[in-house]
1. Expressed as an acute angle from 0 to 90° and rounded to the nearest 10, what is the orientation of the C-alpha long axis of helix 395-409 relative to the principal long axis of the chain?
2. Rounded to the nearest 20 Debye, what is the dipole magnitude of the chain about its Cα centre when Lys and Arg each give +1 and Asp and Glu each give -1 at the C-beta?
3. Put +1 on the Cβ of each Lys and Arg and -1 on the Cβ of each Asp and Glu in the chain; which of Thr128, Pro441, Gly489 then has its Cα farthest toward the positive end of the dipole?
4. With label points built 7 Å along Cα→Cβ from the Cα atoms of Phe356 and Ile805, find their separation and express it in nm.
5. Run the 1.4 Å probe and let me know the accessible area of Tyr134, rounded to the nearest 10 Å².
6. Please work out how much length the chain gains when fully extended from Arg147 to Thr740, using 0.36 nm per residue of separation minus the C-alpha to C-alpha distance, in nm with one decimal.
7. Helix 279-289 against the longest principal axis of the chain: what's the angle in degrees, Cα atoms only, rounded to the nearest 10?
8. From the backbone phi of region 21-31, what are the Karplus-calculated ³J(HN,Hα) couplings (6.51 cos²θ - 1.76 cosθ + 1.60, θ = phi - 60°) in whole Hz, Gly and Pro given as x?
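The values are calculated or read from the model by the stated rules, or taken from the named source; none is laboratory data. No experiment lies behind these values; they were computed from the predicted model shown. Neighbour counts run over all protein chains shown; Cβ positions are idealised from the backbone, glycine included. Note: areas computed on protein heavy atoms with side chains; ligands, DNA, RNA excluded. Shrake-Rupley method; radii C 1.70, N 1.55, O 1.52, S 1.80 Å.
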Amino acid sequence: SDSYDARALQDKWQARWAKENPFAASEDPADDRPRRYVLDMFPYPSGDLHMGHAEAFAMGDVVARYRFQLGENVLHPIGWDSFGLPAENAAIKRDSHPAEWTYANIETQAESFKRYGIALDWSRRLHTSDPEYYRWNQWLFLRFFDRGLAYRKNGLVNWCPKDQTVLANEQVVQGRCERCGTEVVRRSLNQWYFKITDYADRLLEDMAHLEGKWPERVLLMQRNWIGRSQGADVRFAIEGRDEPVTVFTTRPDTLYGATFFVVAADAALADELCAPERREAFEAYRRQVAKLTDIERQSTEREKTGVFLGRHAINPVTGERIPVWAADYVLAEYGHGAIMAVPAHDQRDLDFALKFDLPVRVVVETGEADPVETGVATPGEGTLVNSGPLDGLAKSDAIPRIIGVLAERGTGEGTINYRLRDWLLSRQRFWGTPIPIIHCPECGEVAVPDEQLPVKLPENLKGADLAPKGISPLAAAADWVNVDCPKCGGAAKRDTDTMDTFVDSSWYYLRYCSPQMDTAPFDVDRVRKWGPIDQYVGGVEHAILHLLYSRFFTKVLHDMGMVDFTEPFTRLLNQGQVINQGKAMSKSLDNGVDLGEEIDKYGVDAVRLTVVFAGPPEEDIDWADVSPAASLKFLNRAFRVMVQAGAASAPGTDPAAGDLALRKVTHRTLHKVTELVEVQRFNVAVARIMELVTAARKAIDSGPGAADPAVREAAEVIAVALSLFAPYVAEEGWERLGHTGSVAVGNWRTPDPELLVQESVTCVVQVASKVRDKLEVAPDVSEEELERLALASEKVQGFIGDRPIRKIVVRAPKLVNIVVG
Ligand code: ANZ
Ligand code: ZN
């Protein structure tokens, strides 16, 4: 029959791919094909694959398959990010071990990936919850520990009362737990951190290499997250305290306008500075603040609150005594947790001053109305006033001047401050990598010796043992916890926290180069060969955390001499989301689309084609607006062309004798599809293939007929081009065209330049409204190109002479008029 049976093709070709393994990367040292590393963010095994996976992997697969077609040695591996909370919650519910749920889901997803026809190297499969993998998390942790990049401290942490665990800042979304939506509270705990702040500058600077290769919005989000602020540290003496207190300010030029001083209400400093007679008011206020999230605290909408601490600071330049307050709009963990308040020029400070009747002094004349009258602070540019030696200076001159004065007196210096915090790594949960540290009463924190790694998770804990208790479930496994100190041999205890699963995903892309290696996390030479990743593909939800952490890991590994690059992902593609009826799919809206059902209905190829054809890869796809049925119809049309051409001629037929018009369409399509795939306009590439199918259909029905060599040529190009988007139909079509072996590897063709030449049109070039030259140009020439061609004409230049060009009017493709003055 002319139309194809999707399920039969899937079964047939899946078996063939499994047997022939056409997508395995070669490690043969003699293989000198260009190497390409294409990677999709690895999935979390939360169930079967969903529409989101379908989209991301279809996009990544276009890139990988294109590279396979070019004959490159492509590394396109797959693995699972298989530690994490959902497995643990499932285990608690079912009274089982998290591994059961996890590995069952991995198997389901693996089968679905195979069915979905992703061109993967299955021999490199990894699971981060395997001891063979997480052993190297522990090894890496210890190398970070050796370098002072992993450390413990007491800190206020985000705590999810429902999950009973600590969350990184990045995992708190609008004050709520990213996973369960519960409002996050603050708690003081002793926790492990990675010192990512040591790398803040490099994380920022190296983004220059990613410019134009990563989506601009991702770079912006990373930049904002790192949050570099240039300013000054200024030390204020505090009456009755030996040590001064430092504040960070981006506006040291406004120092003469600092009329009060504010300490974060929840900082230890506030507690320390509070005078006895203010104690009661302060404690009451602090209890109130503890209930708020950072977002609420910083909201400009909320009315300002605070308490006077009964103390005074001394303004280092004016010598004035200024009152010290505690307030919640100052955050304990930013800068130094204390600020100099300049109400005239900072809105938050002005709101506070107006509420509590504190003095406001304008020190930068901006030309705007008096802040006290308007209630609006004036943060802009201006000239300094009321500022002693700074008077008359512009803000930009006053800043270095005052920094110089402060430095001379030893009361301050220029500095850079980052919003980025150290990476909080400890989790009080079970299903993660145990932290390989032993706490000894004599020796303190002792590293588990490398040869004792991995520290495996106990296998006997399951179900209720894992229920959140506020301390790690590992603490309950007495035989696991109690060990001898590796240093002194005395009784000691294992650390019972597990690592944030973002540790697992921060280096997995290196592990794929040598996934079975058991003497190191990865083979340094193999990573040198494959790295960095040429094309990384994944969702924008990872724009901050995962990408920042991976970049950090890569830089540390670079400093350790283990990798020779400093950025892991050369290019990044963020695919959009699949939504339905204009909304994200969700249970409550009942608008979910089930990937398995779509595939059962239309077949893999039609679903994949639909996903890619819906729009540019980075845009969302509304499933209500697309038509897999139409995709299937198109694929049947393409299939029929291949079948008919295959029946009418044999492979190797010389196309030169074929119909010239069709040949031109074929070669132009090839040329365009190549270009469009290179710039990741996959949807337009598909549209071009559709046009070629239409042209071939016409040639068969009302042109030279199916036996024409040009029809075969067109059909072969259709098979090769479609292999990027609809792999099953492409393989079957290729076989029906009389070829043996897979269509998917090394079959891309170069268009014949002679067949790309288009008819030309004549363009008239006028100088001062007189025709001075005529150019033969392509009908679709761009305005910029036409202007360039006109100006490049010697004749035209001769007529312009040295008169200045006032204006160039371009009407592509027919006219250019150069107006000279
Ligand atoms: C005086 C001043 C005058 C300020 C002025 C601004 C304008 P970014 O740009 O985000 O780094 N600040 C410092 N530490 C703070 C903390 N822990 N919590 C809340 N606010 C804090 O912001 C730096 C500015 O934010 C600093 O400069 C400080 O206010 C405030 F006309 O100092 B500024
Ligand atoms: Zn010891």
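1. Roughly 50 degrees between the two axes.
2. Numbers: 95 positive and 120 negative charges, 145 e Å.
Once rounded to the nearest 20, the dipole reads 700 debye.
3. Thr128
4. With each label placed 7 Å out from Cα toward Cβ, I get 6.4 nm.
5. Accessible surface of Tyr134 is approximately 10 Å².
6. Numbers: separation 593, 0.36 × 593 = 213.48 nm, distance 5.59 nm.
Taking Arg147 through Thr740 to full extension adds about 207.9 nm, to one decimal.
7. The two axes meet at around 10 degrees.
8. 6, x, 10, 7, 7, 8, 10, 5, x, 7, 6
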